[in-house]
Amino acid sequence: MDSQLRDIKLVEVRSEIAAGTRGASLGIDALKIASLDKKSDFFTQFDPINVPDANNYLWRGNKFPHAKYIDGVYQVLKNVYSTVESLRMEKKFPIILAGDHSTAAGSIMGIKAADPKKRLGVIWIDAHADLHTPYTTPSGNMHGMPLAMVSQLDNLDCQVNIPTEETVTYWEKIKTIGGDFPKIIPSDIVFISVRDTEEPENFLMNKYGIKNFKTAEIRTKGIQKIAEETLSLLSDCDQVYISFDVDSLDSSISVGTGTPVPDGLTLAEAIELNAELIKDKRVCCWEIVEVNPTLDTENTMAEAAFEVLEITTNSLFANF
């Protein structure tokens, strides 16, 4: 396993600045506690990279109602981007443990920067589409915006907000981290178990023909078929990135996350799905986000999430 481990790099991003509830920065340590409870040596196998966060911005108060703490989010995304770009330049496989989901934009920007000519597909396993912009967001929470950031979308067709000039300046800077071009084509996104969206997001999903495998379809077809169809939809992509938000799990399981939603995946489905998808040789990065132990007295969310992490990583080892 040693030679395999040289190819995998564990990346820890303790950012919670873009979430609506506090506590996601503690998710990584909750995963480590879960590993101890399960008597697993998983975390002894890696020398993780810790990406600097900007959670100290939370003490300053929010000046940007339509893109909360966007000044801090910009800093974190630059940090994640440069870390992931360096790892991909070295042909490492990043396994990213992150707090709020906004940092996924930095991951995608880094992957693209390392291989700008390669077309990148995104598998987004989540309850939410995360396609909002400062012009459309109902909450201002930027963990609902990463896919719009990397697609360079403003979605002015569905504009409901008028962001301040400073907000727009930061938004434009974020969209151009790693170069002033879309890092992905929106139609190269596949959603799995997305079930809590707003009209502006539905508009973009329809406009770009983004496929969403809903939970009912997953149950009807089975995980193997869904994995096969997902990867087939991305057949024109040279690389694939998988982002797993724990709120894709049903709300009966995902108690320890900021935005749980009913009618999600079972733990067994999530494990099988991630383990199956990561076998594809084009997958170049896998990520797990949004564990929040402050919402969970028994650390059950982290225990479930750790199971997904460990089994998915083992599946990757087996396939190297």
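Taken together, the criteria place P52 among residues that are surrounded by fewer than 16 Cβ atoms within 10 Å (Cβ to Cβ), over 26 Å from V194 (Cα atoms) and not acidic (D, E).
Exactly one residue out of L26, L36, L87, L58 is surrounded by 20 or more Cβ atoms within 10 Å (Cβ to Cβ), not β-branched (V, I, T) and not in a loop (DSSP other than H, G, I, E, B): that is L87. Within the set L277, L204, the sole residue that is farther than 24 Å from I8 by Cβ and either in contact (Cβ under 8 Å) with a residue 60 or more places away in the chain or among the hydroxyl-bearing types (S, T, Y) (or both) turns out to be L204.
With respect to the conditions (1) closer than 22 Å to S251 by Cβ; (2) out of contact with any Leu (no Cβ under 9 Å at 6 or more places or on another chain); (3) part of a helix (DSSP H, G or I), N212 falls short on a single one, namely (3). Annotation: C285 fulfils all but one of (1) part of a helix (DSSP H, G or I); (2) touching a residue at least 12 places away in the same chain (Cβ under 8 Å); the unmet one is (1). Just so you know, in region 150-167 the residues that are in contact (Cβ under 8 Å) with a residue 40 or more places away in the chain and not in a loop (DSSP other than H, G, I, E, B) include one that is surrounded by the fewest Cβ atoms within 10 Å (Cβ to Cβ), and it is D157. Filtered by the rule that a residue be in a strand (DSSP E or B) and either crowded, with 24+ Cβ neighbours inside 10 Å or at pLDDT below 95 (or both), region 112-132 gives G121, V122, I123, W124, I125.
Quick grid of which residues meet (1) under 18 Å from the mean Cα position of the chain (by Cα); (2) not small (G, A, S):
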site: L26; (1), (2): yes, yes
site: L31; (1), (2): yes, yes
site: S35; (1), (2): no, no
site: S40; (1), (2): no, no
site: N56; (1), (2): no, yes
site: Y81; (1), (2): yes, yes
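If the condition is being within 14 Å of S193 (Cα to Cα) and among the aromatic types (F, W, Y), then region 236-276 contributes only F244.
Scanning region 60-75 for residues that are under 12 Å from H143 (Cβ atoms) and touching a Gly at 6+ places or on another chain (Cβ under 7 Å) turns up A67, K68.
The values are calculated or read from the model by the stated rules, or taken from the named source; none is laboratory data. Nothing here was measured: the structure is a model prediction, and the numbers come from that model. All Cβ positions, glycine included, derive from the backbone under ideal geometry; neighbour counts span all protein chains shown.
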